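The values are calculated or read from the model by the stated rules, or taken from the named source; none is laboratory data. As the structure is a prediction and not an experimental result, all values here were calculated from the model. In this analysis, Cβ positions are derived from the backbone assuming ideal geometry, glycine residues included, and neighbour counts consider all displayed protein chains. Surface accessibility is based on the protein's heavy atoms, side chains included, excluding ligands, DNA and RNA. Shrake-Rupley method; radii C 1.70, N 1.55, O 1.52, S 1.80 Å.
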Amino acid sequence: MRNILNLVAATTLGIFLSTTPSMAIPFVTADLDPISSTAQPPALSTEGPGDTFQNVTGAETNIRKSPWDTLGCEATCPYNSVSAFSSLTYFIGLNRTSLTMMWGSPDPGEGRNLIEFLDGEGNVVDSYNGDMLLALTGGPASVGFATVYFTAVNLFQSIRLSDDSQNAFEFAFSTVPGENGPEAVPLPAGIILLLSGLMGLGVLGRKRVKTA
């Protein structure tokens, strides 16, 4: 119980080591207020040989555990999971500086529960891992969940979540407006122009039929 209560007190992380010391550590706070339970957005990309799960519920023994399990809706509340040297990348928005997510059972280790913040060209501009969250909250691994609020020092557009162990990194985003989650992936400008052109041709075609 003491470890859970430690999560409730929102705390600033500014003195702990980063896995990449040359990068700035995001301003981070954590508490136990769950995000809204909503269908999870699709990942922008999936990489690696291991298991990834998107928009799933419940648990699989020794594979994944719902971050909602202490809140009584593990059978119906959706989440995502990644393990075994794989990753999921999500589009967060153009030039974003903040993100809110639900982090299930933070795990210790340099490559465990790794979150990388990427700019528009795919370069890592910030990073954060399970060791850092455990240091922030003062709790041991597998204490349940924490709702984590990131305010990045650098602008970012997407995040990549990965784990270097078979034990999974479970997480969830809110898609409710105002709750600071991922946005819809924008269509490339060329596709938008192409669609506009096709619509224009369709209109011209209708006019020719009417005048014939």
(message) What's the total number of residues in the stretch 61-95 that are of a type in the set (A, V, I, L, M) and within 21 Å of GLY111 (Cα to Cα)?
(response) 4
(request) For PHE117, state whether it is open to solvent by less than 40 Å² (accessible area, probe 1.4 Å), aromatic (Phe, Trp, Tyr) and either in contact with a Gly (Cβ under 9 Å, 6 or more places away or on another chain) or part of a loop (DSSP other than H, G, I, E, B) (or both). (result) no
(message) Consider the stretch 121-138. How many of its residues are assigned to a loop (DSSP other than H, G, I, E, B) and either modelled with pLDDT of 90 or more or open to solvent by less than 10 Å² (accessible area, probe 1.4 Å) (or both)?
(response) 4
(message) Need a quick list: strands (runs of 3 or more DSSP E) entirely within the stretch 1-106 having at least 3 residues that are under 20 Å from ALA152 (Cα atoms) and at pLDDT 90 or above.
(response) 86-104
